[in-house]
Amino acid sequence: MNSNFLPESLLLAGQYVRRNLFLTVASVAVMTLTFFVTATFVGAAAGADSAVKFLESKAQITVFFKNDAPPEKIMAIKDNLEAGGSTIEVKYISQEEALKIYLGQHQDEPTLLESVNAGIFPPSLEIRGRRLSDLPQLAKELENKEGVEEVVFFKEVVDTFLRWTQTIRLFGLILISILTLISVLITLITIGMTIYTRVEEIEVMRLVGATAWYIRLPFLFQGALYGLISASLSSVLFLAATPVVTPYFFRLMGVTSLGTVPFPLSDPVFLAEIVAGQLFFGVFLGIAGSAAAIRKYLRF
Amino acid sequence: MSNRSDTGGTTDLSEAQNTMIEFRGVDKEYPDGTLALSGVDLLIEPGEFVFLVGPSGAGKTTLIKLLIREEVASRGEIFFRDQEVTGLPANQLPHLRRDIGVVFQDYKLLPTRTVFENVALSLEVVGRQRAEINELVPAVLKLVDLLGKVGHFPDQLSGGEQQRVAIARALVHEPKVLIADEPTGDVDPAMTWSITQLLKRINEWGTTVIVATHDVDVVNSLNKRVVSLERGRIVRDNPQGQYEF
């Protein structure tokens with residue numbers, strides 16, 4: 001392959017893109033939609049995963065005791081739970097520690113801190129179980145223990161998240177598959193139309209001694225360019241939409257009251273991976289569409 | 001792929017090296033049953049100027065198409081220098097076509113490309129550097145007297161000018177053989193003379209020239225070899241012939 005081959009092919013590809021402007025816009029629009037939807041679902045799935053892990057890492061059962069419950073009784077329940085083997089961690093939060101946590105969470109809201117003292121916070125045990133499936137039984141047993149005021153159980157929230165994650169993955173997979181197929185088809189049609197409008201030129205090229213790759217490569221580049229442009233547009237849209245959409249996403253899942261959930265979409269490394277993935281997927285999809293068109297319409 | 005010296009055994013090596021083109025018992029039958037060429041034997045040596053003459057439908061264009069493998073012979077063998085063309089693998093065809101410049105009957109100029117770009121195409125496809133293209137294209141356009149129309153599009157040119165662009169495109173990459181299919185078909189007598197003289201000059205520089213035509217005046221004006229075709233068969237082959245009816 002000589003040194004002029006690639007730049008000449010790229011120039012020709014650029015010409016094909018410009019001279020089929022209407023088809024270019026249609027292809028780029030559909031591909032942009034595909035990549036944006038894909039990125040959105042990947043982001044949402046990653047967000048849901050991250051939230052599930054966050055919730056699982058938090059206390060799954062919190063047992064609040066009556067304010068007058070003797071610490072030694074609470075510690076006995078704690079020891080008992082630890083010996084039982086169905087928990088990973090059991091943490092005792094005294095009334096003083098509960099006050100400290102409260103003060104830490106509300107230090108910027110002085111009105112909430114007025115006349116607050118340790119006496120109004122109940123002592124508690126924060127429990128992380130080994131398996132989510134063991135938690136309902138464990139929660140039930142704790143409710144009947146002496147001195148227990150209330151058992152707060154996060155399983156439902158975790159389950160909701162798991163359901164959301166599965167739904168997002170399934171729905172996303174179906175939608176992405178359909179859009180990917182449409183993208184490949186529209187690229188195939190666009191490149192096919194380009195080939196069709198250039199039949200005469202291709203014939204002359206062949207007759208004056210062009211190799212098959214000299215003729216094919218610009219069309220592959222054309223597809224790759226569509227993919228690259230679409231993935232870039234989608235990335236810009238995605239980066240712009242993320243900070244706006246993320247709070248709605250959490251509100252939809254009902255986790256606004258759970259404090260700060262570490263969300264991967266606020267991680268620059270994750271965002272860079274999404275953008276890089278889109279660009280790669282874009283070029284791949286564009287080339288796949290072109291290759292299909294070449295195979296179908298450019299036989300020699 | 002076979003070469004000339006190992007097929008048939010009738011051609012010795014020295015003869016093989018002196019031959020540019022050879023057709024051996026070539027038939028071309030189209031799928032609808034039309035027999036376009038039948039039992040064609042033809043030998044053309046380097047530097048020759050050959051007229052292929054005959055009425056429309058005699059098989060002149062088919063013979064050219066077989067040589068550049070735009071069509072495939074139904075039977076027989078065709079050699080270009082040392083290569084057997086009929087069985088040439090697809091990836092070797094570009095190399096064959098780079099050695100044979102063809103001026104097509106319908107010119108095959110690209111309407112969206114300028115004169116310069118049409119001629120440059122022959123060099124672009126073989127990967128010549130841009131600087132080289134910028135040097136060679138004007139030179140060949142000067143030769144065909146079209147230097148003043150480099151930026152024109154084909155539909156802004158007369159028939160004769162389009163014909164000369166086609167000649168420039170066929171010639172710019174210095175092929176070993178130049179084939180012109182009815183080069184004077186659509187041009188006035190003055191332009192016919194001009195194109196004929198141009199082809200003669202190209203031949204004098206050493207390029208083998210094959211002209212398919214049924215223009216009596218063109219054939220008779222040059223006194224070159226004349227191969228006459230009728231209904232797909234070679235009926236006459238005169239080394240310094242005239243167009244005979």
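Side notes on the structure shown:
- Estimated [θ] at 222 nm from DSSP helical runs (n ≥ 4, -39500 (n - 2.57)) normalised by residues in chain B, nearest 500: -9500 deg cm²/dmol
- Of all DSSP beta bridges in the protein assembly as shown, antiparallel share, percent nearest 5: 65 percent
- Taking amide hydrogens as placed 1.01 Å from N in the peptide plane, the amide H of B:I179 sits under 5 Å from those of B:G101, B:V102, B:V103, B:I210, each at least 5 positions away in sequence or on another chain.
- Rounded to the nearest 20 debye, dipole of chain A from Cβ charges on Lys, Arg, Asp, Glu: 1800 debye
- A cut-off of 5 Å between modelled amide H atoms, ignoring neighbours fewer than 5 places along the same chain, links B:E84 with B:S2.
- Beta bridges per DSSP, both residues in the range B:168-245: antiparallel share near 50 percent.
- Net charge contributed by nearby residues that have their C-beta within less than 13 Å of B:S56 (K/R +1, D/E -1): -2
- The phi torsions of the range B:172-187, fed into the Karplus equation with coefficients 6.51, -1.76 and 1.60 and a -60° offset, translate into couplings of 4, 9, 6, x, 7, 10, 10, 10, 10, 9, 6, x, 10, x, 10, 10 Hz, rounded to whole numbers, with Gly and Pro shown as x.
- Here A:E149, A:E201 are placed in order of increasing Cβ neighbour count within 10 Å, fewest first, which gives A:E149, A:E201.
- When each of B:K28/B:K224; B:K176/B:K200; B:K65/B:K108; A:K73/A:K140 is checked by Cα-Cα distance, pairs over 22 Å: B:K28/B:K224
- 222 nm mean residue ellipticity, helices alone, for chain A (DSSP H n ≥ 4; -39,500 (n - 2.57); rounded to 500): -25000 deg cm²/dmol
- Sequence-ordered 3J(HN,Hα) estimates for the range A:21-36 from the Karplus curve with 6.51, -1.76 and 1.60 and θ = phi - 60° stand at 4, 4, 5, 4, 4, 4, 5, 5, 4, 5, 5, 4, 4, 4, 5, 5 Hz, glycine and proline given as x.
- Between the amide H of A:Q60 and those of A:I127, A:R128, A:G129, distances stay under 5 Å, these residues lying 5 or more places away or on another chain, with hydrogens modeled in the peptide plane.
- Cα centroid separation, the range A:64-120 to the range B:188-222 (Å): 107 Å
- Cα-based helix-to-principal-axis angle, A:212-253 vs chain A, degrees rounded to 10: 20 degrees
- Residues A:F221, A:F270, B:F49 arranged by fewest to most Cβ contacts within 10 Å: A:F270, B:F49, A:F221
- Ranked list, fewest to most other Cβ atoms within 10 Å of each Cβ, for B:W205, A:W213, A:W164: B:W205, A:W213, A:W164
Coordinate-derived values only; no laboratory data. The structure displayed is predicted, hence computed values, not measured ones. Methodologically, a virtual Cβ is constructed for each residue, glycine included, from the backbone with ideal geometry; neighbour enumeration extends over all protein chains shown.
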